[in-house]
Every structure is written in structure tokens, then in C-alpha cells.
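*Asks:* Quick one: structure below, then a few questions.
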Amino acid sequence: MDLAWYALLGLFFAGYLVLAGYDYGVGLLLARGGGPVGRRAALTALGPFFLGNEVWLVAAVGILFGAFPMLEGELLSGCYPAVAGALVGVILVTVGVQLRSRPSDERIRARWDRVVVVGSALAALGWGVLLAALLQGVPRQADGHVVGVTHLATPFAAAAGLAMVALVAVHGATFLTLRLPAADAAVLGRTARRLVPVALAAVAVATVVGLLSLRVRDSVQRPAVAVLLPVLLAAALLAARAALGRRRPGWALAATGAALAMPVALVGAALWPYVLVSTTDPAASLTVADAAASAPTLRLLAWVALPLLPALLGFQAMCMWVFRGRTDGRAPVYW
């Protein structure tokens, strides 16, 4: 049962990155005035979705607290700067998007837009660093506690964080090609196509730095998976670029979403059966089974999750269906 809950945790966190990823991507585009279109048009396209997308993070955190309490404690203590930075970013994005529309002064709106940009960058960077920290291992001692936070300040963590920022930027631009009026969407499509090589370069740098990192090589339990999934991520980005060139934003968004889900799959599959690999004491490495709550607790949680999971999926599907069109009321050519 611990494997099922671990897979569910990965599913919800990957779903959060895929759905909230375009929130942060659109937020990053505000640094350029909303890209080739205005800030107001970009945020209007995002408006119906961004609060609902954060529910996936709440669900993932709930699973972490309930099903993996030991892992939750170690993540909060050993990766506190990355987690805190990401959560601060999430709050800044939510507050900025909500409050920018209230004042009539354009200068005040511009300040809130900068808050959204900073929050988007913090969120993407923080989650990227957190995933990198899990993949490269943590200094967990024999007493079961992670010591210090200096393990977050590594070239691989920095490269992975920047790669996540690049991925969400591509995802956000691709999302706007699906939501904006056709004329604006065509311009955003070119922007998204130009961002794909940037994301590919960032992913390539992170992959090479990871392959050269002794900490990553020692932590990874399945090297083949650690090589295959970055290749699949690059293939997804290339597929997104091809779909954008053919003006098929639905396929492109699905491809960039798959690319954002890959890092979560990479961490889960490459470390299995461990969830935390100790870089100081191999015997202190934490397996998924050891991190999970007791079997009775997991069974009790299953009775709670069974009705909530289809409700969450149904709500997300309904939201995407109701707001599936462009902001001018026209239906896009998805596929």
C-alpha cells in the first residue's frame, strides 16, 4: 500500500507542476509586459484557472503529511529554504493576481505585476531546487535527521532550478496560444517556439551537471532511468515546438505538460526504493516503506481519498471544459 500512496503523491505533485506551471509561466511573461500581448490580456486568459490549480498542491501536501509523516519532517527541516521559497512564491502569485485589478492607477498595477513575476520565479526555482536536492541526496545522519541546508547550494541544484524556470516559461507561453484570440495567439506561438531552445539548453546543462556530479551518481539507484527520462523530456519539448509550428496548441500544451511532469517521475523512479538517500551515512537512507505511515493509517486515509480523488479530477475537468475557448469566445483548433 505504501507504493500506491507514493505513486499518488507523485501524481498529485506532478499534476500541480503541470497545471500551476502555466500560471507561473504566464507570470514570468509579465516581465516583458505580458510578452507580445498586454499584461491584462495574459492574466484574463489565466484568471479562471489559477486558484483551482493550487488545489493540487494542497492535496499533495495532505498526502505528504498523512501518508509520509517522516518524509514531511525531513523535507521541511533539510530543504527548508527551497520549500519556503517556493511557498512564498505561490503566495506572491496568488496575492499579486488578486490585487492588481483593484487599483485604477497603472503604476500600482505595474508594482503588483512585478510581485507576480518575482513570485513565479521563486515558485519555479524553489520546486526545481527541491527536486534536485532529492535526486542528489541529503546529509541524513544516523539519528534520522538531515543536518544543515548547504546541500542545496550545489551546481546541480542551481542548474535544475533554472531549468524548471525555463520549462514553466515555455508552458505558460504555450498555454496562452490556446487561450488568447487567434491573432495574439499566433504571436505567442512564435514566442513559445523561441523559448523551446532555451528550455532545451537549460535541461541539457542540468543533465550534464547531474551526470558529472558524484553526489547524483551515488544517490541514483537506476542510472538507466536517470538518463532515459531527460531524453524523453527533450523529446516532449521538440514535439511541442513542432506542434506550435503546425498551430496545434492542444498537442503543444500536452507536450509541455508532459515535460513538466518528467522531473517528478525522474526523482521517484531513479531513487526507488529510497525516497531520501543519505550522502553521509548510507545506512541512514530512508526507504519509501520506512517513510510511510502504518498500514492501518494508510487504509484509513484510503477511505478519505477514494471519494475526494474523483471529485478533484471531476472539478478540474469541468473547469477546463467550461473555459475551454479563447478569451474572445472562439474555439481554438486543439489538435
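*Asks:* Need pairs with beta-carbon distance below 6 Å; first residue more than 17 Å from residue 263 (Cβ to Cβ) and within region 7-32, second open to solvent by less than 10 Å² (accessible area, probe 1.4 Å) and of a type in the set (Val, Ile, Thr); sequence gap 6+ or separate chains.
*Replies:* Once the first residue is more than 17 Å from residue 263 (Cβ to Cβ) and sits in region 7-32, its partners that are open to solvent by less than 10 Å² (accessible area, probe 1.4 Å) and of a type in the set (Val, Ile, Thr) give 27/93; 27/116; 30/116.
*Asks:* Residue 148 passes all but one of (1) at negative phi; (2) open to solvent by 20 Å² or more (accessible area, probe 1.4 Å); (3) of a type outside the set (A, V, I, L, M, F, W, C); (4) touching a helix residue (DSSP H, G or I) at 6+ places or on another chain (Cβ under 9 Å); which number fails?
*Replies:* (1)
Every residue, every condition in (1) touching a residue at least 60 places away in the same chain (Cβ under 8 Å); (2) over 26 Å from residue 253 (Cα atoms); (3) of a type in the set (Gly, Ala, Ser), yes or no:
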| residue | (1), (2), (3) |
| --- | --- |
| 133 | no, yes, yes |
| 174 | yes, no, no |
| 177 | yes, no, no |
| 191 | yes, no, no |
| 202 | no, no, yes |
| 209 | no, yes, no |
| 222 | no, yes, no |
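Residues are listed down the side, and each one gets a yes or a no for (1) more than 20 Å from residue 79 (Cα to Cα); (2) polar (S, T, N, Q); (3) surrounded by fewer than 20 Cβ atoms within 10 Å (Cβ to Cβ); (4) in contact with a Pro (Cβ under 8 Å, 6 or more places away or on another chain):
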{"residue": "244", "(1), (2), (3), (4)": "yes, no, no, no"}
{"residue": "260", "(1), (2), (3), (4)": "yes, no, no, no"}
{"residue": "272", "(1), (2), (3), (4)": "no, no, yes, no"}
{"residue": "292", "(1), (2), (3), (4)": "no, no, no, no"}
{"residue": "300", "(1), (2), (3), (4)": "yes, no, yes, no"}
{"residue": "303", "(1), (2), (3), (4)": "yes, no, yes, no"}
{"residue": "309", "(1), (2), (3), (4)": "yes, no, yes, no"}
{"residue": "316", "(1), (2), (3), (4)": "yes, yes, yes, no"}
{"residue": "327", "(1), (2), (3), (4)": "yes, yes, yes, yes"}
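*Asks:* Could you check region 51-95 and list, in sequence order, the residues that are open to solvent by less than 50 Å² (accessible area, probe 1.4 Å), of a type in the set (A, V, I, L, M, F, W, C), part of a helix (DSSP H, G or I) and over 15 Å from residue 23 (Cβ atoms)?
*Replies:* Result: 59, 60, 63, 64, 67, 71, 75, 82, 83, 84.
*Asks:* A further question on this structure: All but one of (1) touching a residue at least 60 places away in the same chain (Cβ under 8 Å); (2) under 28 Å from residue 50 (Cα atoms); (3) basic (Lys, Arg) hold for residue 215, so report the exception by its number.
*Replies:* That leaves (2) as the condition not met.
*Asks:* Out of 107, 140, 100, report the one residue that is modelled with pLDDT under 85, open to solvent by 30 Å² or more (accessible area, probe 1.4 Å) and charged (D, E, K, R).
*Replies:* 107
*Asks:* Does residue 193 fit the bill of being open to solvent by 80 Å² or more (accessible area, probe 1.4 Å), modelled with pLDDT under 95 and either within 22 Å of the chain's Cα centre (by Cα) or among the charged types (D, E, K, R) (or both)?
*Replies:* no
*Asks:* Given region 236-335, what helices (runs of 4 or more DSSP H) lie entirely inside it while holding 1 or more residues that are modelled with pLDDT under 80 and not hydroxyl-bearing (Ser, Thr, Tyr)?
*Replies:* Filter on region 236-335 gives 295-322.
The values are calculated or read from the model by the stated rules, or taken from the named source; none is laboratory data. Just so it is clear, the model here is predicted, and its values are computed rather than measured. Here Cβ is always computed from backbone atoms with ideal geometry, including for glycine, and neighbour counts include all displayed protein chains. To get the accessible areas, we keep the full protein, side chains included, count just its heavy atoms, and leave off ligands, DNA and RNA. Shrake-Rupley method; radii C 1.70, N 1.55, O 1.52, S 1.80 Å.
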